[in-house]
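Participant: Sharing a structure with you now.
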Ligand code: RP5
């Protein structure tokens, strides 16, 4: 059984954002599966997915949803796996509705909430949790930060040539 991260989104319209979590996990060599499951359109599938995820080898779930955005909290209520929530931007309230719905979990069922559309950080956050017990993954994350810092320096140098 290979460990993997479940990346769940409420709609295919969330993919443009949630694909960034999949990309960063894949870039770091972490297995993941992407699923579209809605907490209100097919709630029994949501319950079944979260209930069975740990037994299938999931180590965490990243869940993204927009608007009423109850998906992360609903999935978290069916599993003890860490659930990371990504509020999806857009809609009449620009994602603030989703942020509030995801971040304000009552005590007892935690959801680690990222920024609106913060799917890349959701992937990195889960990778950093997994890296606590994985030296090779730690090295990849260190590389990632080194490259990011080099990118900023390169942009700075380019600006100085202006
Ligand atoms: C939420 O409603 C989804 O997560 C999505 O962000 C939003 C709109 O869904 P669609 O109408 O685009 O399917 O459940």
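The values are calculated or read from the model by the stated rules, or taken from the named source; none is laboratory data. These figures come from a predicted structure and were not determined experimentally. Every residue, glycine as well, gets a Cβ built from its backbone with ideal geometry; the counts of neighbours run over all protein chains shown.
Participant: What number of residues within region 32-78 satisfy the criterion of being at negative phi, outside any strand (DSSP E or B) and within 12 Å of the ligand (Cβ to nearest atom)?
Facilitator: 13
Participant: Does any residue in region 39-57 that is assigned by TED's automatic domain parsing to the domain that holds residue 67 come within less than 6 Å, Cβ to Cβ, of a residue that is surrounded by 13 or more Cβ atoms within 10 Å (Cβ to Cβ) and assigned to a helix (DSSP H, G or I) six or more places away or on a different chain, and which pairs are these?
Facilitator: That search, which allows pairs on different chains as well, returns 39/46; 39/71; 39/74; 46/74; 50/75.
Participant: When you go through 104, 160 one by one, which is the residue that is in the same structural domain as residue 37 (by TED's automatic domain parsing), over 14 Å from the mean Cα position of the chain (by Cα) and exposed (fewer than 11 other Cβ atoms within 10 Å of the Cβ)?
Facilitator: Every option except 104 fails the conditions.
Participant: Condition first: away from the ligand (no atom under 16 Å from the Cβ), over 30 Å from residue 147 (Cβ atoms) and assigned to a loop (DSSP other than H, G, I, E, B). Can you find one or more residues in region 79-93 that meet it?
Facilitator: Yes; the residues of region 79-93 include at least one that is away from the ligand (no atom under 16 Å from the Cβ), over 30 Å from residue 147 (Cβ atoms) and assigned to a loop (DSSP other than H, G, I, E, B).
Participant: Can you spot a residue in region 94-104 that is more than 13 Å from the ligand (Cβ to nearest atom) and touching a helix residue (DSSP H, G or I) at 6+ places or on another chain (Cβ under 7 Å)?
Facilitator: no
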